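Have a look at the structure below, then the notes.
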Amino acid sequence: MTQPPLATRPLTVLGIESSCDDTAAAVVRHAPPAAPEILSNLVWGQSALHAEFGGIVPEIAARAHAEKLDLAVEGALAQAGLGLEALDAIAVTAGPGLIGGVLSGVMLAKGLCAATRLPLVGVNHLAGHALTPRLTDAVGFPYLMLLVSGGHCQFLIVGGPDAYSRLGGSIDDAPGEAFDKTAKILGLTQPGGPSVEREAATGDPARFDLPLPLLDRQDCNMSFSGLKTAVLRARDALVAEHGGLRVRDRADLCASFQAAVAAVLAAKAQRALAVYLRREPDAPVFAVAGGVAANQAVRAALRAAAVQHGARFLAPPLALCTDNAAMIAWAGIERFRLGARDDMGLSARPRWPLDTRATPLLGSGRKGAKA
Ligand code: KG4
Ligand code: ZN
């Protein structure tokens with residue numbers, strides 16, 4: 001029996017994600033020309049396990065993934081109403097990330113593929129994020145993408161499922177990390193992004209003149225660690241002056257910090273858009289992914305940058321912006337259609353840059369190595 005061509009063949013793929021602190025499994029089906037369908041998308045966070053340590057403990061994360069992954073896969077298949085025999089392939093995050101967690105996922109995927117003889121497709125976690133606008137909005141290549149989360153911060157031109165050109169990124173902290181550290185400094189709850197945004201809503205963004213690092217440089221690189229130090233100094237000065245942090249001062253500091261992050265991201269987005277548009281895309285698109293893209297001030301600043309350059313702005317729904325396995329299943333489908341297959345030699349990689357020609361960025365984030 002002849003199979004339809006790989007490019008248009010209906011495919012149902014299981015995705016497995018365990019590179020950070022979310023244990024996730026999902027099933028995605030794509031039967032062109034219909035839009036891809038997320039049949040199930042299960043994400044089990046581990047925040048409670050790490051809460052008392054003030055950060056992610058890699059060993060605890062790895063153990064929790066190892067305990068929960070097979071249940072997550074079972075759950076995702078049950079929610080999709082499918083058995084393993086209905087799948088065409090299994091896609092798994094093979095890096096970058098916390099190595100113990102990545103290994104748990106890769107081992108499980110290999111075991112399932114060995115038992116079922118299904119093809120195995122290793123996926124770069126960052127490619128999962130970067131290809132999400134094609135899952136949600138069917139955008140064509142090339143598009144400009146900003147990955148902005150607790151562990152990632154980079155501008156990429158996405159030219160194909162395996163073709164990335166990195167224009168720049170953070171040389172130290174990721175913005176989500178800066179939000180989380182700012183929240184800690186100001187005594188707000190974690191994750192810091194939402195609590196800082198809540199406080200900022202009643203604050204004055206112009207009150208504190210915080211640094212906007214690297215804006216004087218013409219490239220697309222960013223730095224956020226100085227911003228957090230500036231927040232610490234401002235807090236100490238306020239505490240020394242008033243004997244404590246007043247509610248008003250805290251709100252103003254949050255608003256000023258948030259405005260500074262948004263300003264840096266927007267200014268660098270302008271530069272990235274200019275580079276991208278010089279490559280003459282037919283229908284320019286600027287897309288964002290990552291938890292920080294949930295921030296309304298950041299989103300508005302990025303949208304304005306896109307509009308100014310005549311590009312369509314896309315922010316996937318939050319559940320698909322943050323870590324999930326539907327994006328891994330989808331990236332698996334895209335790579336499978338290109339003929340990508342892995343075997344039992346697939347290794348787990350703590351570092352794995354999408355653009356191997358770009359100079360490595362400095363730093364290793366709170367959520368593991370940055371690529
Ligand atoms: O994408 P994500 O779930 O995980 C990774 O880091 O990979 O992003 C989580 C990060 C956290 O640092 C969190 O504080 C930040 O995204 N975040 C936000 C907001 N919601 C989540 N930052 C700013 N504003 C928000 N509303
Ligand atoms: Zn991620």
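The values are calculated or read from the model by the stated rules, or taken from the named source; none is laboratory data. Note that the coordinates shown come from a computational prediction; the quantities given were computed from them, not determined experimentally. In this analysis, Cβ positions are derived from the backbone assuming ideal geometry, glycine residues included, and neighbour counts consider all displayed protein chains. The area values use the complete protein model at the heavy-atom level, side chains included, leaving out ligands, DNA and RNA. Shrake-Rupley method; radii C 1.70, N 1.55, O 1.52, S 1.80 Å.
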Furthest towards positive pole of dipole, Thr136, Ala262, Cys20, structure part the chain, Cβ charges: Ala262
Inter-label distance, nm, simple model (7 Å from Cα along the C-beta direction), Met107/Ile60: 2.1 nm
Compute the projected area of the convex hull of the Cα atoms of the chain, averaged over all viewing directions, and report it in nm² to one decimal place. 18.8 nm²
What distance in nm separates the simple spin-label points at Asp219 and Thr2, each placed 7 Å from Cα in the Cβ direction? 5.2 nm
Residue order for Lys68, Lys228, Lys181 - accessible surface, 1.4 angstrom probe, largest first: Lys68, Lys181, Lys228
Hey, if you put +1 on the Cβ of every Lys and Arg and -1 on every Asp and Glu Cβ in the stretch 146-263, which of Phe155, Pro213, Ala234 ends up farthest toward the positive end of that dipole? Ala234
Only helical DSSP H runs with n ≥ 4 go in: add -39500 (n - 2.57) per run for the chain, normalise by residue count and round the 222 nm mean residue ellipticity to 500 deg cm²/dmol. -13500 deg cm²/dmol
Gained length - Leu245 relative to Val307, 0.36 nm times residue gap less alpha-carbon distance: 18.5 nm
Between Phe141 and Asp236, take the C-beta separation as r, use R0 = 56 Å, and let me know the FRET efficiency to the nearest 0.05. 0.70
How high is the FRET efficiency from Ala201 to Met344, r the C-beta distance, R0 45 Å, rounded to 0.05? 0.30
Difference of contour (0.36 nm per residue) and Cα-Cα distance, Arg278 to Leu49: 77.8 nm
Beta bridge orientation in the chain: antiparallel %, DSSP, nearest 5: 65 percent
Counting pairs of alpha carbon atoms under 8 Å apart in space and at least six apart in sequence, what relative contact order in percent does the chain give? 24 percent
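Going by a ≥ b ≥ c, the root eigenvalues of the Cα gyration tensor, does the stretch 141-318 fall in the rounded group (a/c under 1.5), the prolate group (a/b larger than b/c) or the oblate group?
The shape class here is prolate.
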How big is the charge dipole of the stretch 141-318 about its Cα centre, in debye rounded to the nearest 20, if each Lys and Arg gets +1 on its Cβ and each Asp and Glu gets -1 on its Cβ? 160 debye
Among 320-332, 119-131, 254-266, the order from most to least packed when residues are scored by Cβ within 10 Å on average: 320-332, 119-131, 254-266
Test item: Cα-centred dipole of the chain, Lys/Arg +1 and Asp/Glu -1 on Cβ, debye: 580 debye
Binned at 5 Å from 0, what are the whole-percent values of the Cα-Cα distance distribution for the stretch 1-140, short to long? 2, 10, 18, 22, 20, 13, 8, 4, 2, 1, 0, 0
Using alpha carbons only, how many angstrom separate the centre of the stretch 36-53 from the centre of the stretch 216-283? 28 Å
Positive-end residue of Val292, Ala331, Met344, charge dipole of the stretch 267-354 with Cβ unit charges: Val292
May I have the count of lysine pairs in the chain with C-alpha atoms under 21 Å apart, counting pairs 8 or more residues apart or located on different chains? 11
Label 7 Å along Cα→Cβ of Ala319; the stretch 129-158 residues with amide nitrogen under 16 Å? 135-137
The answer for the stretch 141-318, accessible area per residue at 1.4 Å probe in Å², is 40 Å²
